[in-house]
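Structure first, commentary second.
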Amino acid sequence: MKFIVEKEVFQKLPEVCFGIVVASNVDNSKPIPQIKELLEENIRYCQKYYEGRKIKDSEEVKCYREAFRSLGINPNKYMSSIEAMLTRVSKKKNLP
């Protein structure tokens, strides 16, 4: 596996930091009830936490929107994955 970041990203965002998780020997072919419950619990938490709030104005998402702008990407047209997920969850839609 290769993870490539363009040099321009580091030039425009010198303090950027990436984290990558690689999992080996994981069987994701069948549901695991404990993981499903953990996900559902966190979805409920996010729905309550962001109730009545605009996701794009939250402190947790602002840094992503600013980074997108720094890279010349319109965050209103192209949301970060975290903003898209929180927006979807806050509207009580299922995750894909």
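The values are calculated or read from the model by the stated rules, or taken from the named source; none is laboratory data. Bear in mind that the values here come from a model prediction, so they are computed numbers and not experimental data. All Cβ positions, even for glycine, are placed from backbone atoms using ideal geometry, and neighbour counts span all protein chains on display.
Worth pointing out:
- Residues that are among the polar types (S, T, N, Q), within 19 Å of PRO96 (Cα to Cα) and not in a helix (DSSP H, G or I) within the range 1-42 comprise ASN28, SER29, listed in sequence order.
- Lone unmet requirement of (1) closer than 24 Å to PRO14 by Cβ; (2) of a type in the set (A, V, I, L, M, F, W, C); (3) surrounded by 13 or more Cβ atoms within 10 Å (Cβ to Cβ) for LEU86: (1)
- Failed criterion for ARG65 (all others in (1) within 14 Å of ILE43 (Cβ to Cβ); (2) of a type in the set (Lys, Arg); (3) surrounded by 16 or more Cβ atoms within 10 Å (Cβ to Cβ) hold): (1)
- Annotation: ARG69 fulfils all but one of (1) modelled with pLDDT under 95; (2) among the charged types (D, E, K, R); (3) over 23 Å from VAL89 (Cα atoms); the unmet one is (1).
- Within the range 73-85, no residue that is touching a residue at least 40 places away in the same chain (Cβ under 8 Å) sits with its Cβ atom under 9 Å from a residue that is loosely packed, with under 13 Cβ neighbours inside 10 Å and outside any loop (DSSP other than H, G, I, E, B) at 6+ positions apart or across chains.
- The test for being aliphatic (A, V, I, L, M) and either surrounded by 11 or more Cβ atoms within 10 Å (Cβ to Cβ) or at pLDDT 95 or above (or both) does not hold for LEU95.
- Residue match in the range 74-88 (condition: at pLDDT 95 or above, in a loop (DSSP other than H, G, I, E, B) and over 16 Å from the mean Cα position of the chain (by Cα)): yes
- For CYS46: the one exception among (1) part of a helix (DSSP H, G or I); (2) over 18 Å from the mean Cα position of the chain (by Cα): (2)
- Pairs, first under 20 Å from PHE68 (Cβ atoms) in the range 9-33, second aliphatic (A, V, I, L, M) and part of a loop (DSSP other than H, G, I, E, B), C-beta under 7 Å, six or more apart: VAL9/VAL16; VAL9/LEU71; PHE10/VAL16; LYS12/LEU71; PHE18/VAL5
- Odd one out for PRO31, checked against (1) at pLDDT below 95; (2) farther than 22 Å from LYS92 by Cα: (2)
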